[in-house]
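Step one of this worksheet: look at the structure below.
Any read-out appearing in this document is the output of simple, stated calculations on the displayed coordinates, not a laboratory observation. From a predicted model like this one, the values you see are computed outputs, not experimental measurements. Here Cβ is always computed from backbone atoms with ideal geometry, including for glycine, and neighbour counts include all displayed protein chains.
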Amino acid sequence: MNAVPVLVGYTAAVGFIAPRLLLRAGWPHRAPALAVAVWQALLISFSIGVALTAHNLAMPAEHLEAGLVGLLHSCGLGAGTGERDPHAADRLAVALPVALGLTSVAAFTFHVVRARRARTRHRAAVDLVGRRSARLSATVLPYDVPAAYCLPGRRPRIVVSDAAVRELAPEQLGAVLAHERGHIAGRHHLALAAVEAFQSVFRGLPLARHAREQTALLLEMVADDRALRRYSGDALATAMYAMAAARTPKGAFAAGGHTVLIRLRRVLGPRATAHPALWVSVAVLAVVVPLLPLLVACPPGLG
């Protein structure tokens, strides 16, 4: 059985159709952490699908003398000696997936390191001009606009403006700080780096574009939910509204930002949660989806 057509169809469905279906679904905003896992599973599944497609194209097949090697040879792009290396197809079949894997790892490393450097520079500036508040467990900056954000990583910081400390009620300020602690505890910067790396490798792909946008929004919702465990929706919503216009430094997570309107409707609306059956089904799907390309390429019972 030639798995290439099935792999191509599956990978195309994951890259172009699955994002649209997920965007139209209503459950991701009810279970944002689970939705982030599904987006990550789609990225992994697409990458594996592309790698396996390249592997199968390079491998010799019954109806194709030497896969891509044979195609290159027939186009005059093979070895100049006229003799075909019998192991060239095997090497190419391994080299293509490995190259894709190394490219993805390099892209992820690049985004992690770049964001870390930006946070390190900003952390040094914050420590220089701000004052540490033991009561808030945060650094207070002299800034005349209510603002709060966190710098995640190995030496995390929660930064809040003195305007926010003055103008927000204690419950509002507590909700904002709980939101930022949610980002740090969840290591959300790594999930964001993963989708940014995928987008840099597969630029222009709908899955890459929507995964980047949705993951950023969903991670804010996850942090909102953490704050709502201890504080009221009104307190969080009014604090978010007060800080909507504040600017966020690169590499940081903020309680405000351009997604505030969507999150405000969610925080102030009915607190609907995903049904346990839906939660379990989607969780299983998130685990299974990355394995589907392997099942397509190596279907059981076909030895």
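Considering only DSSP beta bridges where both residues belong to the chain, give the percentage that are antiparallel (nearest 5).
Beta bridges within the chain, antiparallel portion: roughly 75 percent.
Quick one: what are the phi-derived ³J(HN,Hα) couplings along segment 264-275, Karplus 6.51/-1.76/1.60 with θ = phi - 60°, whole Hz, x for glycine and proline?
4, 4, 6, 5, 8, x, x, 7, 7, 10, 5, 4
Please list, ordered by chain and number, the residues whose modelled amide H lies under 5 Å from the amide H of MET59; skip anything fewer than 5 residues away on the same chain.
Counting only residues 5 or more places away or on other chains, the set is LEU68.
What ranking do HIS111, HIS210 get, fewest neighbouring Cβ atoms within 10 angstrom at the top?
Ordered from fewest to most neighbouring Cβ atoms within 10 Å, HIS111, HIS210 come out as HIS210, HIS111.
Could you compute the longest span of the chain free of GluC sites (Glu not before Pro) located in DSSP loops and having at most 10 other Cβ atoms within 10 Å, not counting the site residues?
The longest uninterrupted stretch comes out as 84-303.
What is the chain's relative contact order, in percent, from Cα pairs under 8 angstrom and six or more apart in sequence?
Contact order relative to length: 25 percent.
If you plug each phi of segment 6-22 into the Karplus form 6.51 cos²θ - 1.76 cosθ + 1.60 with θ = phi - 60°, what whole-Hz ³J(HN,Hα) values come out, in order, with x for Gly and Pro?
So the J values, rounded to whole Hz, are 5, 5, 4, x, 5, 5, 5, 5, 5, x, 10, 8, 4, x, 5, 5, 5.
Give me, ordered by chain and number, the residues 5 or more places off VAL159 or on other chains with an amide H under 5 Å from its own placed amide H.
HN-HN under 5 Å from VAL159: THR139, TYR149, CYS150, LEU151.
Over the chain, what per residue volume does the convex hull of the Cα atoms give, in whole Å³?
Cα-based convex hull of the chain, divided per residue, equals 155 Å³.
Please go through segment 235-303 and write out the trypsin sites (Lys or Arg not before Pro) that DSSP classes as loop and that have at most 12 other C-beta atoms within 10 Å.
Within segment 235-303, the qualifying trypsin sites (Lys or Arg not before Pro) (loop, at most 12 other Cβ atoms within 10 Å) are ARG247, LYS250, ARG271.
Over the Cα atoms of segment 89-217, what Rg and Dmax result, in angstrom?
19.2, 68
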